[in-house]
Amino acid sequence: MSLTVQNYLADAAEKAAVDLLAAYHRLPEDKRNWAPSEKTRSAANQVAECAIINGGLVGMLESKTVPADAMAKFPAAIGAMLADLSQLEPALKENTAQLAAKIRTLSDEELAVVIQMPWGPRTVLELISLPFWNMSYHEGQINLLSMLMEG
């Protein structure tokens, strides 16, 4: 496979998902939905976010638009995943695999297309960078939760 930004970012997203799940699995099973305070998020919540975002990006990359109700549906989607933690890992793996496959199909010209996001305009290139850094960030947050559990 040739080294393109598309292949690099697809590979990076796949590795970040593996690393995120490794951090998640290092936590005791009964602590994966624990948060140190009401203002913080559990590891399960963070994995759910990554699974949902990765899945949502597939459609955005295909349509070059954001569904009008995407942000409004996000809390309910997180809640549904937290109601059944057994769906977190399969959802993250499947959505990340679909996203990586979609990223690999993008042409160089598509990378410059601007999509209007709820927080402002972003190029496709910026959006395909999101999964890698988002999952890496949440891996660090989960590692912090692990340290807090150890006391």
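Each reported figure results from applying straightforward, stated rules to the coordinates on display, with no laboratory input. Keep in mind that this is a model prediction, so the values were computed, not measured. When we count neighbours, we look across all protein chains shown, and the Cβ atoms used for this are built from the backbone with ideal geometry, even at glycine.
Among residues other than Ala112 with Cβ under 12 Å from its Cβ, the summed charge is -2 (Lys and Arg +1, Asp and Glu -1). Picking from Ala97, Ala17, Leu144, whose Cα lies most toward the positive end of the charge dipole for the chain (charges on Cβ: Lys, Arg +1; Asp, Glu -1)? In the chain, that residue is Leu144. Counting only alpha carbon atoms, the long axis of helix 88-105 and the longest principal axis of the chain meet at about 20°.
Calculated mean residue ellipticity, 222 nm, the chain: -23500 deg cm²/dmol, from DSSP H runs (n ≥ 4) at -39500 (n - 2.57) each, averaged per residue and rounded to 500.
Placing a pseudo-label 7 Å from each Cα along the Cα-to-Cβ vector at Trp119 and Asn7 gives an inter-label distance of 3.1 nm.
Ordered by the count of other Cβ atoms within 10 Å of each Cβ, fewest first, Ser2, Ser63, Ser42 give Ser2, Ser63, Ser42. Relative to the Cα centre, the charge distribution of segment 1-106, modelled as +1 at Lys and Arg Cβ and -1 at Asp and Glu Cβ, gives a dipole magnitude of about 200 debye. To the nearest ten degrees, helix 43-63 and the longest principal axis of the Cα atoms of the chain are 10 degrees apart. Viscosity 1.567 mPa s, temperature 4 °C: what is the translational diffusion coefficient of segment 44-151 from Stokes-Einstein with a Kirkwood Rh over Cα pairs, rounded to a whole number of µm²/s? Rounded to a whole number, D works out at 87 µm²/s. How much net charge surrounds Glu29 when only the other residues with a Cβ under 15 Å from the Cβ of Glu29 are counted, with Lys and Arg +1 and Asp and Glu -1? Around Glu29, the surrounding residues sum to 0.
The spread of Cα positions in segment 1-58, taken along each principal axis and listed from longest to shortest, comes to 45, 23, 14 Å. In the elastic network of the chain, a GNM with C-alpha springs shorter than 10 Å, the most mobile of Ala13, Ala70, Ala101 is Ala70. Against the chain, whose longest principal axis is taken from its Cα atoms, helix 124-150 shows a tilt of about 10°.
Ranking Ala112, Ala48, Met71 by Cα position along the charge dipole of segment 31-120, where only Lys, Arg, Asp and Glu carry charges on their C-beta atoms, puts Ala48 farthest toward the positive end.
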